[in-house]
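What follows is one structure encoded as structure tokens, with my remarks underneath.
The values are calculated or read from the model by the stated rules, or taken from the named source; none is laboratory data. Note that the structure is predicted; figures quoted are calculated from it, not measured. All Cβ positions, glycine included, derive from the backbone under ideal geometry; neighbour counts span all protein chains shown. These accessible areas exclude ligands, DNA and RNA; they are computed on the full protein's heavy atoms, side chains included. Shrake-Rupley method; radii C 1.70, N 1.55, O 1.52, S 1.80 Å.
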Amino acid sequence: FGWKPEELIGRSMRVLFRSQKEFEREGKRFYAQLMNRQTYSIEFTYRHRDGHDVVCLTSVSRIKEPHAEGSASLVATHTDITELKRAEKHLRESQRMLSTLMGNLPGMAYRRRPGKEWPVEFISEGSFDLTGYRPADLIDSRVTSYRQLIHPSDRKWVWDTVKESLKAGKRFEMMY
């Protein structure tokens, strides 16, 4: 948060919040959650000393004071997940762009796992125009397997070509 430990000792946690209103609202929420449990965790955005936002996974625990009846202290840990949240946002955007690309691709693109029936993990929307099956029909072989789409006389050749190419680490292209 940009503070030295000695600068925060004895100060209100208010300095880590973006406003007094946010501090009061979130403080009430933390305490309300802790009334029913020993610990509470939440993702929350705090303010760094220089003013930029810091996204943290905050865990708060209630610790009973051994010599003070009914009294408890709070212990909080804050794990900076700002970069993780930024990476998740970029990943979602990349997935959205890939989905748009795949949706406009003439033909069909797919990703499959190893296995006798060639189970498909992902397949583009072009599968319907090419095969008559919607992507959901082919994912995990729900209606039919990818292997069943290949003409029986081509199956062994396709299987062998894919296996050899993968083993050699080479790109391959086939028409079948």
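Brief remarks on what is shown
- Whole-Hz couplings from phi, Karplus 6.51/-1.76/1.60, listed for the stretch 96-105; x for Gly and Pro: 5, 5, 4, 4, 4, 4, 5, x, 10, 6
- Protection-proxy order for peptides 91-99, 77-85, each taking the mean of Cβ atoms within 10 Å per residue, highest first: 77-85, 91-99
- Lysines with Cα under 27 Å of Lys4, excluding same-chain neighbours fewer than 8 positions away: Lys21, Lys28, Lys85
- Descending by average beta-carbon neighbour count within 10 Å, the peptides 114-124, 30-40 line up as 114-124, 30-40, the highest first.
- The stretch 1-124, relative contact order [Cα under 8 Å, separation at least 6], %: 15 percent
- Eigen-decomposition of the gyration tensor built on the alpha-carbon atoms of the stretch 36-148 gives equivalent ellipsoid semi-axes of 50, 21, 9 angstrom, largest listed first.
- D_trans [Stokes-Einstein, Kirkwood Rh over alpha-carbon pairs] for the stretch 58-123, 10 °C, 1.306 mPa s, µm² s⁻¹: 93 µm²/s
- Each peptide in 22-28, 48-54 gets a packing score, the mean of other Cβ atoms within 10 Å over its residues, and the list from highest to lowest is 22-28, 48-54.
- All-pairs Cα distance distribution in the stretch 6-57, expressed in whole percent, bin size 10 Å: 22, 51, 25, 2
- Computed from the Cβ-Cβ distance with R0 of 45 Å, the FRET efficiency linking Ser165 to His48 stands at 0.35.
- log₁₀ of I(q)/I(0) at q = 0.15, 0.29 Å⁻¹ - the stretch 88-127, Debye sum with one point per alpha carbon: -0.44, -0.91
- Secondary-structure-derived ellipticity at 222 nm for the chain, considering helices only, amounts to -11500 deg cm²/dmol, per-run term -39500 (n - 2.57) for DSSP H runs with n ≥ 4.
- Probe 1.4 Å, accessible area per residue of the stretch 123-176, Å²: 73 Å²
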